[in-house]
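One structure is given here, and the rest of the page talks about it.
The values are calculated or read from the model by the stated rules, or taken from the named source; none is laboratory data. Since the model is a prediction, treat every value here as computed from it, not as a measurement. So basically every Cβ, Gly included, is an ideal-geometry build from the backbone, and we count neighbours across all protein chains shown.
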Amino acid sequence: MTDPDAFRSEVREWLEANCPPEMRQPIRSEADICWGGRNWTFQSDAQRRWLEVMAERGWTVPDWPKDYGGGGLASAEARVLKDEMQRIGARPPLTSFGISMLGPALLKFGTEEQKKHYLPQIARGEIRWCQGYSEPGAGSDLAGLQTKAEDKGDHWLVNGQKVWTSYADRADWIFCLVRTSTESKQGGISFLLFDMATPGVSTKPILLISGSSPFCETFFDDVKVPKDQIVGEVNKGWDVAKYLLGHEREMIAGMGLGTAGASVTLGTVVKPADPLLRAEIAAFDVDALAFSAMSERFAAMWKAGEAHPASPSMMKYAGTELNKRRNELAMAAGGSDALEWESERSRGGSTARTWLRSKGNSIEGGTSEIQLNIVAKHILRLPGA
Amino acid sequence: MLLTDDQKMLQETAASFLAEEGAISRQLRRWRDTECEDGFGHELWKQFAELGLTGICIPESHGGMGLGATEAALVLEEIGRNLTPSPFLTTAVAAARAIEDTGHADRWYPAILAGEAVLALAVDEGPRHGPERSALEARRQGNGFILNGAKQFVVHGASAGMIITAARTAGSPGEKDGLTLFAVPKDCRGLEVENVVLVDSSKAARLTFEDVQLDADAVIGEVDGGWTRLARALNAGRAGSAAELVGVASGASSMTLDYLRQRRQFGKLIGEFQALQHRAAHLYGEIEIARAAALKAAELLDSGDEKAALYVSVAKAKAADIANLAVREGVQMHGGIGMTDEHDIGLFMKREAVLGELFGDVYYHRNRVAELSGY
């Protein structure tokens, strides 16, 4: 690695010169998050410029190799970049399931052609991906999935239904678990990539208790998928799926730290006057700060290969349960203000909507109970788990 | 946030030394069952010294290792895991910090390095921690001071060659200004020491000062301005006790996991029951988090970061909270056998209670986190 101090000052100068002031404001709503993709409408010129200059340097995915559109940074350098961005309150230039989920899986399981083709598109925010995992009959028991892909010689023919597909109605492509064999449960699953514009793909948004529709039902009716759009071997998709889930859990665990750019502690934000509420919030803040130390340590250990492979499950469980608690306390601290659903002063009911949305954190990406099962089995090696 | 190779080596040394020499049967039970007045073994303290461990926080210029809170934390986690009674935390960590850069360091560091001296810290005057509430009076007289008042929960107070005592030379209880630290030698006239046995069989003294006369050179650091030095020593002790609590939690938890893997009921190993698996898995994660917090606090103390005090309180509150969970789950999951004196799991519960209180309990430190966060 280059001289860390020199690298830090180089990064600092570059960010100073290139990060637009508008992109140094805290994220206030979903619209402030840039997801990219074919149909993306930039909120502002600043949002577009910020994505372009960062993608140019490969810093939308700082630790991916340069050949695939990344920044080629060593983990210590990537850490410096993250610190420096945090220091000026810079928003992430791009957020996507391509970056947090598919990318790492392709880097590990993809062919050279697949990496060269798909990864740079992700890095530049050109293609927005969605995840086709859960099905109506396959939730916690994900490997029980039934969406079928038949080998038709020159293509796969996909039929079935997915559910809880995040942003399927806005995504360009899907990474999708399909059944290619019924002989074995986990050993009959393959990992396919395909364009959501392919004939036979349709989506239907699901209205959640939070009043928003981040998830869809996704239907596949005789969808033809080219043969080379499979990641890993046929019937070996479960390995890819599990690896990707590790990354998904890592990402969801980050919710324990609150919204990007916001305070880790709650008391500093809500300044509770009631002594009993203050005591509960102080207890929460201890846990939140301790968890932020854990996140830092986990990231370092994970990169160094010192973390247990199942440890993202522990992080996901702890982080999401913490985020739910944060939202319960934010509701309590807000009193009747926090109950407003449609009003200007509540910014469209953001406290209540965020609270309700947080309930999904410990369900999506594997429920808390599933994470505890995984820890009991793979880390604690308890019998029969 | 990752340990260096040197730190890993130290950790391994401490782990094998304490698992062997510091084991419950060889130390804790032995001193408890023979009603030892010190509650710890002097031979073991010598062995700490031979390994260089007593000098971890003592500067190299004084012949110590010149390391810091992180290395102390690694040793303390192993001490906690084995429930090893020793003066390490109070003498080699907190007291060593309290006297650094003073003439008292020249006097006491060699004896600490040799594993001969035990020092104690007398701060609390009531059942709850509150160093700024110190009221013990030190009145100027001639060239020296006369001390009157009382202290309690003075760990190893009856075994110590010298007791670092926080006394009020100005101001009123509740104020941070006006406190002075004194080196009070044992056996000085007017000092009454009651050696109290605590719930975990460790010893902590109640001290009564009745016209105890001290020379001016008994002052450690500045007169009236002892708060900064006291806070530094307490923070070292708090970070250290957090690490020790992580060890207690970890030791109780692994003992419990072993039990889940061998105890049969209803024709099954009880570890097969999901009701217990989920509680064990939850506890595992919480202990990892507590360890991360303890290491973070130590790291910030070592780098002199301004957030160190905040994280010290986070670490102490979190570690005490989770160690408490670990010992409660431990006793409950062991069932009836966990209630017996013969089984070791109950010893973890007793140790947690004392360590949790030492240098401020969960509530003290949660409140401090709130105050330092501005609410």
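Some points to look at:
- Condition met for A:LEU329 (in contact with a strand residue (DSSP E or B) (Cβ under 9 Å, 6 or more places away or on another chain), modelled with pLDDT of 95 or more and within 14 Å of chain B (Cβ to nearest Cβ)): no
- A:GLU340 being away from chain B (no Cβ under 14 Å) and acidic (Asp, Glu): yes
- Filter result for the condition that a residue is among the basic types (Lys, Arg), touching a Ser or Thr at 6+ places or on another chain (Cβ under 9 Å) and surrounded by fewer than 22 Cβ atoms within 10 Å (Cβ to Cβ), over A:LYS162, A:LYS185, A:LYS148: A:LYS148
- Test for B:GLU37: is it modelled with pLDDT of 95 or more, of a type outside the set (S, T, N, Q) and in the same structural domain as B:ASP101 (by TED's automatic domain parsing): no
- Taken over the stretch A:333-351, the residue count meeting the criterion of being surrounded by 17 or more Cβ atoms within 10 Å (Cβ to Cβ) and either within 25 Å of A:SER295 (Cβ to Cβ) or free of Cβ contacts under 8 Å to residues at least 24 places away in the same chain (or both) is 5.
- Tally, over the stretch A:96-123, of residues that are modelled with pLDDT of 95 or more and of a type in the set (S, T, N, Q): 3
- Qualifying residue in the stretch A:339-347 (condition: modelled with pLDDT of 95 or more and part of a helix (DSSP H, G or I)): yes
- Single match in B:ALA204, B:ALA135, B:ALA150, B:ALA160 (criterion: in the same structural domain as B:ALA218 (by TED's automatic domain parsing), more than 24 Å from B:ALA105 (Cβ to Cβ) and not in a strand (DSSP E or B)): B:ALA135
- Meets criteria (under 23 Å from the mean Cα position of the chain (by Cα), in the same structural domain as A:ASP83 (by TED's automatic domain parsing) and part of a loop (DSSP other than H, G, I, E, B)) for A:TRP50: no
- Criterion (away from chain A (no Cβ under 13 Å), touching a residue at least 60 places away in the same chain (Cβ under 8 Å) and out of contact with any Leu (no Cβ under 7 Å at 6 or more places or on another chain)) met by exactly one of B:LYS318, B:LYS350: B:LYS350
- Out of B:GLU100, B:GLU71, sole residue that is surrounded by fewer than 24 Cβ atoms within 10 Å (Cβ to Cβ), over 27 Å from B:ALA216 (Cβ atoms) and not polar (S, T, N, Q): B:GLU71
- Restricted to strands (runs of 3 or more DSSP E) entirely inside the stretch A:186-265, those with at least 1 residues that are touching a helix residue (DSSP H, G or I) at 6+ places or on another chain (Cβ under 8 Å) and not charged (D, E, K, R) are A:189-195.
- Which numbered condition B:VAL219 fails, given (1) closer than 20 Å to B:ALA69 by Cα; (2) among the hydrophobic types (A, V, I, L, M, F, W, C); (3) more than 9 Å from chain A (Cβ to nearest Cβ): (1)
- Count - residues of the stretch B:163-185 that are of a type outside the set (D, E, K, R) and assigned to a strand (DSSP E or B): 12
- The set of residues in the stretch B:1-51 that are within 20 Å of the chain's Cα centre (by Cα) and among the small types (Gly, Ala, Ser) comprises B:ALA14, B:ALA15, B:ALA19, B:GLY22, B:ALA23, B:GLY39, B:GLY41, B:ALA49.
- So B:GLU78, is it closer than 24 Å to B:SER253 by Cα and touching a helix residue (DSSP H, G or I) at 6+ places or on another chain (Cβ under 6 Å): yes
- Selected residue [part of a helix (DSSP H, G or I), more than 8 Å from chain B (Cβ to nearest Cβ) and without any contact (Cβ under 8 Å) to a residue 60 or more places away in the chain] from A:LEU276, A:LEU322, A:LEU289: A:LEU276
- Residue in the stretch A:353-369 that is out of contact with any helix residue (DSSP H, G or I) (no Cβ under 7 Å at 6 or more places or on another chain), of a type in the set (S, T, N, Q), more than 27 Å from B:ALA281 (Cβ to Cβ) and not in a helix (DSSP H, G or I) present: no
- Within the stretch A:200-213, restricting attention to residues that are without any contact (Cβ under 8 Å) to a residue 60 or more places away in the chain and not hydroxyl-bearing (Ser, Thr, Tyr), the residue that is farthest from A:TRP341 (Cα to Cα) is A:GLY200.
- Considering B:GLU342, B:GLU329, B:GLU272, the condition of being among the acidic types (Asp, Glu), out of contact with any Pro (no Cβ under 7 Å at 6 or more places or on another chain) and without any contact (Cβ under 8 Å) to a residue 40 or more places away in the chain is satisfied by B:GLU342 alone.
- Scanning the stretch A:304-326 for residues that are of a type in the set (Lys, Arg) and within 16 Å of the chain's Cα centre (by Cα) yields one hit, A:LYS316.
- Considering B:LEU76, B:LEU136, B:LEU121, the condition of being of a type in the set (A, V, I, L, M, F, W, C) and more than 17 Å from B:ALA218 (Cβ to Cβ) is satisfied by B:LEU76 alone.
- Single condition A:GLU126 does not satisfy, out of (1) within 26 Å of A:GLU16 (Cα to Cα); (2) modelled with pLDDT under 95; (3) not β-branched (Val, Ile, Thr): (2)
- Of the residues screened, B:GLU286 is one that is at the interface with chain A (Cβ under 9 Å from one of its Cβ atoms), closer than 28 Å to A:MET301 by Cβ, of a type in the set (Asp, Glu) and crowded, with 21+ Cβ neighbours inside 10 Å.
- Any hit, the stretch A:365-380, residues being away from chain B (no Cβ under 14 Å) and surrounded by fewer than 18 Cβ atoms within 10 Å (Cβ to Cβ): no
- Hits in the stretch A:262-303 - residues which are aromatic (Phe, Trp, Tyr) and over 20 Å from the mean Cα position of the chain (by Cα): A:PHE284
Rundown of residues vs (1) within 13 Å of chain A (Cβ to nearest Cβ); (2) buried (at least 19 other Cβ atoms within 10 Å of the Cβ), yes/no style:
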| residue | (1), (2) |
| --- | --- |
| B:LEU295 | yes, yes |
| B:ASP302 | no, no |
| B:GLU306 | no, no |
| B:VAL327 | no, yes |
| B:GLU342 | no, no |
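- Exclusive hit being of a type in the set (Phe, Trp, Tyr) and without any contact (Cβ under 8 Å) to a residue 40 or more places away in the chain, set A:PHE7, A:PHE42: A:PHE42
- Qualifying residue in the stretch B:107-120 (condition: of a type in the set (D, E, K, R), crowded, with 22+ Cβ neighbours inside 10 Å, assigned to a helix (DSSP H, G or I) and assigned by TED's automatic domain parsing to the domain that holds B:GLY41): no
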